[in-house]
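The values are calculated or read from the model by the stated rules, or taken from the named source; none is laboratory data. These numbers were taken from a predicted model, which means no experiment stands behind them. As a convention, Cβ positions derive from the backbone with ideal geometry for all residues, glycine included, and neighbour counts pool all protein chains shown. Note: areas computed on protein heavy atoms with side chains; ligands, DNA, RNA excluded. Shrake-Rupley method; radii C 1.70, N 1.55, O 1.52, S 1.80 Å.
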Amino acid sequence: MIKLSLTQTKWMKYLLLGLVCSLISFFWFRDKSPHPQPRDYAAISAEGVIRVATEYNSVSYFATSDSMAGFNYELIQAFARSKGLKAEIIPEMSFEKRLQGLANGTFDVIAYGIQTTSEFKDSLLFTAPISLSKQVLVQRKLADGKVAITSQLGLAGKTLHLIKGSPAVMRIKNLGNEIGDTIYIKEVDKYGTEQLLAMVEHGDIDYAVCDEEIARASVDSFPQIDISTGISFNQFNSWAVSKQSPALRDSLNNWIKSFMKTKDFKKIYRSYYKKD
């Protein structure tokens, strides 16, 4: 019998995440057709079901031994309960497909942290901020525990892997202009943050750019990874709805602002992000 090392086992775990998510999405969409247009709160309330897209990872939404869990999973379930709704949660690893699903009415909400940048404000309505984070460089540690890149200037001529359609793509392009050199970008469509971390750890790619909150919550599983080099300033992360769903955004906003003041929210946040 072939025995896998701890690192290999973790690598296989995160490789399988993408496959599992793809299978879930395939079987869900096989029997579903997109709604003709995005729904607002009245239509959602009438059906009693809110359809939610999020990323499948060990922070946002994931399967445990006997149930589902995750930061965004717990929040959207709490919102649904407060409104007497059923939350139908669809894992979608592709950032672009989450946006497309919101635009064509397949999803009512993207319950996953999106940076509230100006490039999306023409096409999305953002909820009140739920967290504060920034983009960080993911790289392997050298033999002495140090890293090859310690500042943004060191990115010149390097190839960075990012989730396709991520707001970080524009940030990297602007950063190239700021440092006066080329930074190459390779957008990855099928994988999420944890898969990119695993690919850097395993040596398949050298550099990735990820959301700091997700990376920090997962980095203990990747001992050779460093995420100390910041790529962007701290920015607010919010959920998003369609421009055609203003009443839904207002309902979410009222609930988020109220729920974030409770002990329940603080407990959920600490359990996934390990912050006081």
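A few notes on this one:
- Across the options Leu124, Asn234, Ala247, the greatest Cα extent toward the positive end of the charge dipole of the chain (unit charges at beta carbon of Lys, Arg, Asp, Glu) belongs to Ala247.
- Convex hull per residue volume in Å³, alpha carbons only, for the chain: 144
- In this structure, the pairs whose alpha-carbon distance is over 18 Å, taken from Lys141/Lys164; Lys186/Lys243; Lys141/Lys173; Lys164/Lys190; Lys121/Lys186, are Lys141/Lys164; Lys186/Lys243; Lys141/Lys173; Lys121/Lys186.
- Charge dipole of the stretch 80-149 about the Cα centre (unit charges at C-beta), most positive-ward option of Ile149, Leu85, Phe107: Ile149
- Cα pair count fraction exceeding 17 Å, expressed as % - the stretch 142-245: 56
- Charged side chains reduced to their Cβ positions (Lys and Arg at +1, Asp and Glu at -1) give the stretch 73-151 a dipole of some 260 debye around its Cα centre.
- Value of Rg/Rh across the stretch 187-274 [Cα atoms, Kirkwood radius]: 1.06
- Shown in residue order for the stretch 239-255 are the 3J(HN,Hα) couplings computed by the Karplus curve 6.51 cos²θ - 1.76 cosθ + 1.60 at θ = phi - 60°: 7, 9, 10, 5, 4, 8, 10, x, 5, 5, 4, 5, 5, 5, 4, 4, 5 Hz (x for Gly and Pro).
- Our helix-only sum for the chain, with -39,500 (n - 2.57) per DSSP H run of n ≥ 4 divided by its residues, gives a mean residue ellipticity at 222 nm of -12000 deg cm²/dmol.
- P(r) weight above 21 Å for the stretch 87-212, C-alpha pairs, percent: 45
- Taking θ as phi - 60° and the Karplus parameters 6.51, -1.76 and 1.60, the scalar couplings of the stretch 164-178 work out to 4, x, 4, x, 5, 4, 5, 4, 5, 4, 5, 5, x, 5, 5 Hz in sequence order, x denoting glycine and proline.
- Charge dipole magnitude, Cβ of K and R +1, D and E -1 - the chain, Cα centre, debye nearest 20: 520
- Protection proxy ranking, peptides 41-47, 54-60, 233-239, average beta carbon neighbours within 10 Å, highest first: 54-60, 233-239, 41-47
- Heavy-atom accessible surface of the chain: percent carbon and sulfur, 1.4 Å: 53
- Test item: Cα-centred dipole of the stretch 129-213, Lys/Arg +1 and Asp/Glu -1 on Cβ, debye: 160
- Accessible surface, the chain, averaged per residue in Å² (probe 1.4 Å): 49
- Antiparallel %, DSSP beta bridges [both residues in the chain], to 5: 60
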